[in-house]
Ligand code: DQA
């Protein structure tokens with residue numbers, strides 16, 4: 001029996017991590033990040049589901065599924081949809097659990113179009129600029145809160 005269940009959602013282009021602008025996003029691959037999260041969750045008896053999609057509707061469908069399958073929390077890096085997607089915000093607003101928004105880079109140090117996040121209007125916490133550690137910090141916070 002797991003203590004809690006968390007969904008990790010990675011948005012568009014994050015499948016390219018490791019080779020995509022490593023000076024900004026680091027050298028770790030998405031598989032590296034997800035493997036570390038799975039190990040961290042397992043250590044604490046949590047169930048975890050990690051998904052990536054380049055399609056807005058698929059991310060929304062995953063959030064809808066999380067409303068019905070006992071998911072306690074969502075860690076989401078919406079990538080570029082952060083700055084554009086009212087639809088992802090609306091889906092998250094229909095989800096009752098906790099939501100933590102993660103960005104590998106410090107979006108506030110970058111172009112001004114990255115400074116606004118629709119998802120932040122819903123997120124219970126936001127982590128930006130800590131690289132892949134941000135995801136692990138988000139999971140640690142969720143586990144600590146129980
Ligand atoms: C990102 C920041 C976004 O502005 C960008 O579009 C991404 C990744 C990050 O993790 O730093 O794709 O969400």
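Derivation of every value follows stated rules applied to the coordinates shown; laboratory data play no part. Because the structure is predicted, anything quoted here is derived from the model rather than measured. Virtual Cβ from ideal backbone geometry, glycine too; neighbours counted across all protein chains shown.
Observations on the model:
- Scoring 107-114, 32-39 by mean Cβ neighbours within 10 Å over their residues and listing the highest first yields 32-39, 107-114.
- Over all Cα atoms in the range 16-76, the spread is summed up by Rg and Dmax: 13.5, 39 Å.
- Helix-only mean residue ellipticity at 222 nm for the chain, each DSSP H run of n ≥ 4 adding -39500 (n - 2.57), per residue, nearest 500: -10500 deg cm²/dmol
- Computed P(r) (all Cα pairs; the range 21-146; 5 Å bins; percent): 2, 10, 21, 24, 23, 14, 5, 1, 0
- Relative contact order %, the chain, counting alpha carbon pairs below 8 Å whose residues are six or more apart: 27 percent
- Three-way shape call for the range 93-134 based on the alpha-carbon gyration tensor, with the a/c threshold at 1.5: oblate
- Considering all different alpha carbon pairs of the range 66-111, the Kirkwood hydrodynamic radius works out to 11.8 Å.
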